[in-house]
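Structure first, commentary second.
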Amino acid sequence: MLRQYFEMKSRVPDAILFYRLGDFYEMFFDDAKEAAPLLGIALTRRHRDSDIEAPMCGVPFHSVDHHVARLVAAGRKVAICDQVEEARGSKGLVRRDITRVVTPGTVLDPESLVPDAPSYLAALRPAEPEWGAAFLDLSTGRFLAGTIREARVADALALLRPREILLPEGAAAAGATTRRPDAWWDGCLAAGTAPESFAPPARAAAAAALAYAREMRPGRLDHVGPPSALAFGSRMGLDASAIATLELFESTEGARERSLLALLDRTRTPPGARALRETLAHPSLDPLELEARWDAVEELVTREDAAEAVAAALEPVGDLERRFARVAVGTAGPRDVAALGAGLRAVPGVLAAAADLKAVRLRSVCEAVPDTADCVGRIARTLADDPPALANAGAVVREGADAELDALRGLRRDAQGALLAIEAEERRRSGIASVRVKFNRVFGYSLEVGAAHREKVPADWIRRQSLANAERFVTPALKELEEKILGAEDRIGAIETRLYGELLADLAAAGDRVTRTATALAELDVQLSLAAVARSGRWTRPRLSEKPRLRIVAGRHPIVERLRREEPFVPNDTDLAEERRIQLVTGPNMGGKSTYLRQVATIVLLAQAGSFVPADALELSLVDRIFTRVGAADHLSRGESTFMVEMLESAAILREATARSLVVLDEVGRGTSTFDGLSIAWAMLEHLHDERERAGFVLFATHYHELTEIALVRPAVVNTTMAVKEVGGRVVFLRKVVPGAADRSYGIHVAELAGLPEVVIARAREVLANLERQELDVEGAPILARREGKSAGAGQYLLFSGGEELALEKLRAVDLDQLTPIAALSLLAALQERLRGK
């Protein structure tokens, strides 16, 4: 047995092998050590404490899918080794073979799939100047391919979130990865069938993805067609930072239920939920498409009864895509097929409910649904009303589907009466009242007699088996009936297998129609979901502007508004145009700056995803890409500090932003010293203003209050601040964006709210007062007074110097030849303020 096991294991060295032994799937050696803790099962050992000790663990065969799903979710591959012949008698070791390999990127079992998310296998082929990339979702047949600049590969992975990444050996990438040598990739390209319109790296990636899928899933992949082109260039661009900052798919804490997608998802079908995700991940740049989407949402918002009727009709449709995929690859069970039939049977009801909708997009969606009544009829004529889960369990095909099958089933039913008749006749003839007809899978049918009645057995009975307390015999009549019964059973199984295979083949031939039906109904589901959210949230229709414009009236952050219902959300306006395209936001900690920045970007994204928006009004020109630099993160594994990550992201923004981009920057420069950080923030803001073709609209939040002076010399910069109110020595955050600039950050107040000890708070106020007395401004640039001497090292802040000494040092340092009249007046005013002790 172990020799056979090792032979199977050598074929899948990178997978955990499930080896079928009787009613269990067993794992041995390193596989057992790896799988046992992941599955939460006991690790046992054969030949413990010997030189042939064998660690092992196992799971019952009937629950194998559940355990495979757990291992796949943990990023492991699993190979299933089954018995491929019946165990009859004592002929020795039964033949086994690997019947399937389940990997994170090729899984089809429902238990291993997330209903509302795709399950992509990504194939990446490094090349110059662009990588080849392919994304294949076997669970639906969706197949994408194209080329991506190396700098954007991480963004593509963040957007499509593949469960497994296929790479050449030596290439680096995060996530569950599988590697193949270059020769394997070259062979895939030579044998591949990707369209010639794709660049060679894209063809190589597409061929590799399909070849790997065929390795893992031998057999048909009829539902996978030629790849479609990746649409990164024709849709709004979102990088990994923007996806995380705007919490598209999960919150900053990793919670999917607190994401923007979760907030929008009121779909009634799994394909609708996946289509909504796709819509949110790839916002449109086409004004005609957006107007059509908004028209559809508007009609469904205003016609609530009609929308609810269509939504209710969608409920029984279910997951047509994934059920059909299992049909296409031949792994669908009878209940999968029955569910597919039930879903297709519900389609006419959906179309009837949507018949009087007027919006062009809704009409075109409904008109795109093909007729699949023949598939419904084919399933109904073949499958039993309540079929079993497994195709080999029997009773799959309904009565009347096949004349020979019906006759054999009749014979099987009649055989029970014939067996009872033989039993009664032999009991009468032998005089043994306890004789019974018994069945054994090895020996078949026999007459069982207790050992005490051996002497009464008729001479024409033939001994078949001796037991400790009984004897088993067969008669010519029983043998003849047994051959008929067993022959009928085998024939029934063969006919049912043939009829079920023909059913799957016929349904697979209708793949294009089923796929188009699923796609159309998913789009209808998306529009219904967006309308339901807009109706309940009082969201409004956006309006497009041909000129550069971003005007939001009473905008709200949808996630914050929904999750923090203990207090009313304070709406805020935004008004950016060509002449005022950079908004600088200052204000205290906890004042709401970050929420405001995210809110504006989220509203823009929602609008271009075809949704209504949480605002009283929105007017916008199309944004080609959203860039965000918000929050702090270390990439310790790559040796990158918080500040390095910040600078890398900032560099990418300055390099890649265009005149149509929306750039959101929060606290740039805070990860280093005050002077360095302020200098970088100042220079970035100037660059974003002066290089008009490198940035469109910019929202820039900062605690560097000195930056507000840029508005004096850069006309497109407007200053805004988060309003606060001091009441009785306490600060109230109004969370309202107002014109102007903040002069304080109230950080010590926030520290006090957080519970820092009073002695620390008091000391912080004392130090702050000393620092504030030393801060002077010259020519719009902040300079903190410094001194050299014994009491303080060169370049140190003077926390305890007097105002007079600071004023003298400043006067000594001023370069009068470089001082403008306005700067001189500012300097004198500042010096006078310090000397007066303000």
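The values are calculated or read from the model by the stated rules, or taken from the named source; none is laboratory data. Only a predicted model underlies this, so the values are computations on that prediction, with no experimental measurement involved. All Cβ positions, even for glycine, are placed from backbone atoms using ideal geometry, and neighbour counts span all protein chains on display. Only protein heavy atoms, including side chains, enter the accessible area calculation; ligands, DNA and RNA are left aside. Shrake-Rupley method; radii C 1.70, N 1.55, O 1.52, S 1.80 Å.
Only one entry of 94, 102, 114 meets the criterion of being without any contact (Cβ under 8 Å) to a residue 24 or more places away in the chain, closer than 24 Å to residue 161 by Cα and out of contact with any His (no Cβ under 9 Å at 6 or more places or on another chain), and that entry is 114.
Of 378, 361, all but one fail to be farther than 23 Å from residue 529 by Cα and assigned to a helix (DSSP H, G or I); the exception is 378. Of the residues making up the stretch 473-503, those that are hydrophobic (A, V, I, L, M, F, W, C) and either open to solvent by 60 Å² or more (accessible area, probe 1.4 Å) or under 30 Å from the mean Cα position of the chain (by Cα) (or both) number 1.
For the stretch 552-569, the set of residues classified as in a loop (DSSP other than H, G, I, E, B), surrounded by 15 or more Cβ atoms within 10 Å (Cβ to Cβ) and either touching a Gly at 6+ places or on another chain (Cβ under 6 Å) or modelled with pLDDT under 95 (or both) consists of 569 only.
Looking only at the stretch 355-367, how many residues end up being open to solvent by less than 40 Å² (accessible area, probe 1.4 Å) and farther than 11 Å from residue 521 by Cα? Summing the residues that are open to solvent by less than 40 Å² (accessible area, probe 1.4 Å) and farther than 11 Å from residue 521 by Cα in the stretch 355-367 gives 2. Among the residues of this structure, residue 186 does not count as one that is closer than 29 Å to residue 69 by Cβ and either open to solvent by 10 Å² or more (accessible area, probe 1.4 Å) or without any contact (Cβ under 8 Å) to a residue 24 or more places away in the chain (or both).
Can residue 399 be described as open to solvent by 30 Å² or more (accessible area, probe 1.4 Å) and either in a helix (DSSP H, G or I) or under 30 Å from residue 483 (Cα atoms) (or both)?
yes
Residues in the stretch 289-326 that are open to solvent by less than 30 Å² (accessible area, probe 1.4 Å) and free of Cβ contacts under 8 Å to residues at least 60 places away in the same chain were compared, and the one that is farthest from residue 272 (Cα to Cα) is 306. Before we move on, is residue 117 of a type in the set (A, V, I, L, M), open to solvent by less than 70 Å² (accessible area, probe 1.4 Å), touching a helix residue (DSSP H, G or I) at 6+ places or on another chain (Cβ under 7 Å) and assigned to a loop (DSSP other than H, G, I, E, B)? Against the criterion (of a type in the set (A, V, I, L, M), open to solvent by less than 70 Å² (accessible area, probe 1.4 Å), touching a helix residue (DSSP H, G or I) at 6+ places or on another chain (Cβ under 7 Å) and assigned to a loop (DSSP other than H, G, I, E, B)), residue 117 qualifies. Restricting 71, 93, 43 to residues that are open to solvent by 60 Å² or more (accessible area, probe 1.4 Å) and closer than 17 Å to residue 28 by Cα narrows the list to 43. Condition test on residue 588, is it under 25 Å from residue 249 (Cα atoms) and not basic (Lys, Arg)? Spelling it out, it is not the case that residue 588 is under 25 Å from residue 249 (Cα atoms) and not basic (Lys, Arg). Every condition in (1) open to solvent by less than 10 Å² (accessible area, probe 1.4 Å); (2) in a strand (DSSP E or B); (3) over 23 Å from residue 5 (Cβ atoms); (4) modelled with pLDDT under 95 is met by residue 147 except one, and the failing one is (1). Being open to solvent by less than 80 Å² (accessible area, probe 1.4 Å), assigned to a strand (DSSP E or B) and of a type in the set (S, T, N, Q) is a property that holds for residue 574.
Just one of the listed residues (220, 274) is open to solvent by 60 Å² or more (accessible area, probe 1.4 Å) and either within 26 Å of residue 114 (Cα to Cα) or assigned to a loop (DSSP other than H, G, I, E, B) (or both), namely 220.
So that you can scan it fast, the table gives a plain yes or no per residue for (1) in a helix (DSSP H, G or I); (2) small (Gly, Ala, Ser); (3) modelled with pLDDT of 95 or more; (4) crowded, with 23+ Cβ neighbours inside 10 Å:
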| residue | (1), (2), (3), (4) |
| --- | --- |
| 505 | yes, yes, no, no |
| 508 | yes, yes, no, no |
| 527 | yes, no, yes, yes |
| 533 | yes, no, yes, no |
| 550 | no, no, yes, yes |
| 590 | no, no, no, no |
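For the stretch 277-288, taking the residues that are over 14 Å from residue 523 (Cβ atoms) and not in a helix (DSSP H, G or I), the one that is least open to solvent (accessible area, probe 1.4 Å) is identified as 283. Scanning the stretch 166-177 for residues that are open to solvent by 10 Å² or more (accessible area, probe 1.4 Å) and under 30 Å from residue 271 (Cα atoms) returns 173, 174, 175, 176, 177. Annotation: of all residues in the stretch 223-251 being open to solvent by 30 Å² or more (accessible area, probe 1.4 Å) and not in a loop (DSSP other than H, G, I, E, B), the one that is nearest to residue 594 (Cα to Cα) is 244.
Here 320, 357, 314 are screened, and the one residue that is at pLDDT 95 or above, more than 24 Å from the chain's Cα centre (by Cα) and aliphatic (A, V, I, L, M) is 357. Counting only strands (runs of 3 or more DSSP E) that fall entirely inside the stretch 645-750 and contain at least 2 residues that are over 25 Å from residue 578 (Cα atoms) and open to solvent by 40 Å² or more (accessible area, probe 1.4 Å), the qualifying elements are 717-727, 730-739. Candidates 11, 48: the one that is of a type in the set (Lys, Arg), open to solvent by 20 Å² or more (accessible area, probe 1.4 Å) and modelled with pLDDT under 90 is 48. Among the criteria (1) touching a Leu at 6+ places or on another chain (Cβ under 7 Å); (2) modelled with pLDDT of 90 or more, the one residue 74 does not fulfil is (2).
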